[in-house]
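Novice: Please see the structure below; I have some questions.
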Amino acid sequence: MTTHKKTLITAGFAAIGASACCIGPLLLLSLGVSGTWISSLTAMEPYSLYFIFITVCLLCWVFYKLYITQEKCNEENICADRKVLRNQRIIFWIVSCILLSMITFQYYAQYIID
């Protein structure tokens, strides 16, 4: 697994942690799960800023590695293929949009729920 994939997966887990207080209860309620323990998911809210910071830092790191620095490759390595780099960039932008929508969910959730 390449470094870009590991970093994006870690950023995904950080975004899930950052949005657990908002998206988690909404998803569970939409699936029909109810109970007083759902309100305990809001206990993660004080740590939300830390998770958001980690997510944004990891996304910036992947952007830096994909666009700013040039990876040195031999001709026979897969990283020398331009299609691979293009696909990595496309996946980066898709994952970034998903993660950023999860992070900012608390700001537009009221318009979706109402």
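Novice: Looking at this structure, is Cys57 modelled with pLDDT under 70 and either over 15 Å from Gln106 (Cβ atoms) or of a type outside the set (Ser, Thr, Tyr) (or both)? Step through it out loud before you land on a result.
Specialist: Working: modelled with pLDDT under 70: no; either over 15 Å from Gln106 (Cβ atoms) or of a type outside the set (Ser, Thr, Tyr) (or both): yes.
It is false that Cys57 is modelled with pLDDT under 70 and either over 15 Å from Gln106 (Cβ atoms) or of a type outside the set (Ser, Thr, Tyr) (or both).
Novice: Assuming Ser96 fulfils every condition listed in (1) surrounded by 12 or more Cβ atoms within 10 Å (Cβ to Cβ); (2) at pLDDT below 85; (3) of a type outside the set (D, E, K, R); (4) under 24 Å from Cys57 (Cα atoms) apart from one, which condition is it?
Specialist: Only one criterion is unmet by Ser96, namely (2).
Novice: Any residue in region 55-77 that is on the phi < 0 side of the Ramachandran plot sitting within a Cβ distance under 6 Å of a residue that is of a type outside the set (D, E, K, R) and modelled with pLDDT of 85 or more? List the pairs, counting only those 6 or more apart or interchain.
Specialist: Leu59/Ser96; Val62/Phe92; Leu66/Phe92
Novice: Condition (residue is out of contact with any helix residue (DSSP H, G or I) (no Cβ under 6 Å at 6 or more places or on another chain), of a type in the set (A, V, I, L, M), buried (at least 16 other Cβ atoms within 10 Å of the Cβ) and at pLDDT 75 or above) applied to region 39-52: is it met by at least one residue? Steps first, answer last, please.
Specialist: Kept after step one, since they are out of contact with any helix residue (DSSP H, G or I) (no Cβ under 6 Å at 6 or more places or on another chain), are these residues of region 39-52: 39-40, 42-47, 49-50.
This time we only want the ones that are of a type in the set (A, V, I, L, M), so: 43-44, 49.
Going one step further and asking which of them are buried (at least 16 other Cβ atoms within 10 Å of the Cβ), we end up with 44.
If we keep only those that are at pLDDT 75 or above as well, we get none.
There is no residue in region 39-52 that is out of contact with any helix residue (DSSP H, G or I) (no Cβ under 6 Å at 6 or more places or on another chain), of a type in the set (A, V, I, L, M), buried (at least 16 other Cβ atoms within 10 Å of the Cβ) and at pLDDT 75 or above.
The values are calculated or read from the model by the stated rules, or taken from the named source; none is laboratory data. Predicted model, so just to flag it, every value in this text is computed and none were measured. Neighbour counts are summed over all protein chains in view; Cβ atoms, including those assigned to glycine, are modelled from backbone coordinates with ideal geometry.
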